[in-house]
Amino acid sequence: MSARPGTFLLAWGFSVCLAAQPPLFTDLGPGVNWGVYDLVEDTLNDICYVGGEFGGLADGSLYCSGIMRWDGSSYSALGCGVGYGVWDCTTPIGNAGVVFEMTIWNGELYAGGGFDHSGTVPMKNIARWDGTAWQPMLGGVHGNVWGMKACPDGLYVAGRFHHAVP
């Protein structure tokens, strides 16, 4: 996703678009089947991560709860995604999770929001993508994560929670 001056990503509702001049808007495939809350560009790998409150693509061709990857030509799942309850990762779950915020820190993608599992792996509202599967961040946090900031001295997390879970 090489950026040119005047290029930015725009997310609204059910679709994700690349805006540039010219052209003003270029469609990025079918979009997702619900809201998009955050976009993060991984410039080293030329990938855009899309996070939000969705269960998959709007056309039904891909299922991945809460988070997907856009490589410039197609979407792909990030493991099982994130959700509520335990599922086997081969079928859609009824309780999709929500990703409010993502960031890249120390070369790895972190996602925060409202969720308690990725497939059969328990995690509380914050997770790290290891390139293959979502990993819990210790015990997570007790409540939704709404903001993240990667700094040289650590990853800072904000939201509606009163403590980290040991």
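The values are calculated or read from the model by the stated rules, or taken from the named source; none is laboratory data. Please read all numbers here as calculations on a predicted model, not as lab measurements. Virtual Cβ from ideal backbone geometry, glycine too; neighbours counted across all protein chains shown. Please note that ligands, DNA and RNA were not included when accessible areas were found on the heavy atoms of the full protein model with its side chains. Shrake-Rupley method; radii C 1.70, N 1.55, O 1.52, S 1.80 Å.
Across region 118-143, what is the number of residues that are more than 24 Å from residue 47 (Cβ to Cβ) and assigned to a loop (DSSP other than H, G, I, E, B)?
Taking region 118-143 as the starting set, the residues that turn out to be more than 24 Å from residue 47 (Cβ to Cβ) are 120, 122, 124, 138-143.
Next, only the ones that are assigned to a loop (DSSP other than H, G, I, E, B) stay: 120, 124, 138-140.
Adding up the residues that qualify gives 5.
Out of (1) under 17 Å from residue 103 (Cβ atoms); (2) under 17 Å from the mean Cα position of the chain (by Cα); (3) open to solvent by 40 Å² or more (accessible area, probe 1.4 Å), what's the single condition that is false for residue 134?
Condition not satisfied by residue 134: (3).
Output the residue which, of all residues in region 95-112 that are at pLDDT 95 or above and of a type in the set (Phe, Trp, Tyr), is most open to solvent (accessible area, probe 1.4 Å).
If we take residues in region 95-112 being at pLDDT 95 or above and of a type in the set (Phe, Trp, Tyr), then 100 is most open to solvent (accessible area, probe 1.4 Å).
Confirm whether residue 73 is more than 11 Å from the chain's Cα centre (by Cα), free of Cβ contacts under 8 Å to residues at least 60 places away in the same chain and open to solvent by 50 Å² or more (accessible area, probe 1.4 Å). Give the derivation first.
Details: more than 11 Å from the chain's Cα centre (by Cα): yes; free of Cβ contacts under 8 Å to residues at least 60 places away in the same chain: yes; open to solvent by 50 Å² or more (accessible area, probe 1.4 Å): yes.
Considered against the rule, which asks whether it is more than 11 Å from the chain's Cα centre (by Cα), free of Cβ contacts under 8 Å to residues at least 60 places away in the same chain and open to solvent by 50 Å² or more (accessible area, probe 1.4 Å), residue 73 comes out as yes.
Before we move on, is residue 115 open to solvent by 50 Å² or more (accessible area, probe 1.4 Å) and more than 17 Å from residue 42 (Cβ to Cβ)? Step through it out loud before you land on a result.
On the way: open to solvent by 50 Å² or more (accessible area, probe 1.4 Å): no; more than 17 Å from residue 42 (Cβ to Cβ): yes.
Criteria not met by residue 115.
Let me spell it out: the conditions are (1) at pLDDT below 90; (2) of a type in the set (Val, Ile, Thr); (3) open to solvent by less than 20 Å² (accessible area, probe 1.4 Å), and residue 50 meets all of them except one. Which number is the exception?
(1)
Write out, first by first residue and then by second, each pair whose Cβ atoms fall under 6 Å of each other, whose residues are 6+ apart or on separate chains, and whose first residue, in region 108-131, is among the β-branched types (Val, Ile, Thr) while the second is assigned to a loop (DSSP other than H, G, I, E, B).
120/86; 126/137; 126/140
When region 78-94 is examined, which residues are found to be open to solvent by 10 Å² or more (accessible area, probe 1.4 Å) and under 17 Å from residue 133 (Cβ atoms)? Full working, then the answer.
So the first thing to find is which residues in region 78-94 are open to solvent by 10 Å² or more (accessible area, probe 1.4 Å), and the list is 79-80, 84-94.
Passing the criteria: 79, 80, 86, 87, 88, 89, 90, 93.
So which residues in region 126-141 are closer than 19 Å to residue 66 by Cα and out of contact with any Gly (no Cβ under 6 Å at 6 or more places or on another chain), if there are any at all?
127, 128, 129, 130, 131, 132, 135, 136, 137, 140, 141
Exactly one of (1) assigned to a strand (DSSP E or B); (2) over 15 Å from the mean Cα position of the chain (by Cα) is unmet by residue 147. Its number?
Unmet for residue 147, out of (1) assigned to a strand (DSSP E or B); (2) over 15 Å from the mean Cα position of the chain (by Cα): (2).
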